[in-house]
Amino acid sequence: MTFRIMDDDGSKSLDFQEFEKGLENYGVSVGKDKAQQSFAVMDKDGTINFDEFLEKLRPSMSSARKQVINQAFRKFDKTGDGVVTIEDLQGVYNSKHHPKYKSGEWTEEQAFRSFLENFDSGPRVGNSYRVTLGSVNSLRTVHSSADADEMSLLTSVAN
């Protein structure tokens, strides 16, 4: 939410002016030099996108959480080829455990697609989804944006 509020132009990235103004709006008075140093730590290309923002603000993923993700990945990867596809997931992931399915807000298909979109990292052709363990482990935002229900689901799938 903070990122969206700071993103004045809706570009889904922050330039230095938006970053500096956001700091001031949230009562973080560090001065221009310190703000520029902080921006430079997060910035890779002249602006800060949401993933860069989260990556620097959130702690590293704990080894216990990495272990849960690795176990879940191995269980999902039915063919053992290091890539999880929609075919691998169809027999393993049960959409009926998703909170929005349980509440009647989503269909089973919507819950399944939502799950796929959270982890899709490879090229998509038609309805094809591909996720590698390396891409999941490199996404520090998986742990920081996953809520308790998603993590408990991953834990139950891994076990």
Output ³J(HN,Hα) for the stretch 22-39: one whole-Hz value per residue in order, computed from phi by the Karplus curve 6.51 cos²θ - 1.76 cosθ + 1.60 with θ = phi - 60°, and x for Gly and Pro. x, 4, 4, 4, 8, x, 9, 9, 10, x, 4, 4, 5, 4, 5, 4, 5, 4
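Can you tell me the relative contact order of the stretch 1-57? Whole percent, Cα pairs under 8 Å, sequence separation 6 or more. Kindly include the intermediate steps, with their values, before the conclusion.
Numbers: 39 pairs, mean separation 21.2, N = 57.
Reported relative contact order: 37 percent.
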Exposure rank, largest accessible area first [V92, V41; 1.4 Å]: V41, V92
Can you tell me the order of 60-67, 81-88 when each peptide is scored by its average per-residue count of other Cβ atoms within 10 angstrom, highest first? 81-88, 60-67
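The values are calculated or read from the model by the stated rules, or taken from the named source; none is laboratory data. These figures come from a predicted structure and were not determined experimentally. Because the Cβ atoms are built from the backbone with ideal geometry, glycine has one as well, and the counts that use them run over all protein chains shown. Ligands, DNA and RNA are excluded from the accessible area calculation, which covers all protein heavy atoms including side chains. Shrake-Rupley method; radii C 1.70, N 1.55, O 1.52, S 1.80 Å.
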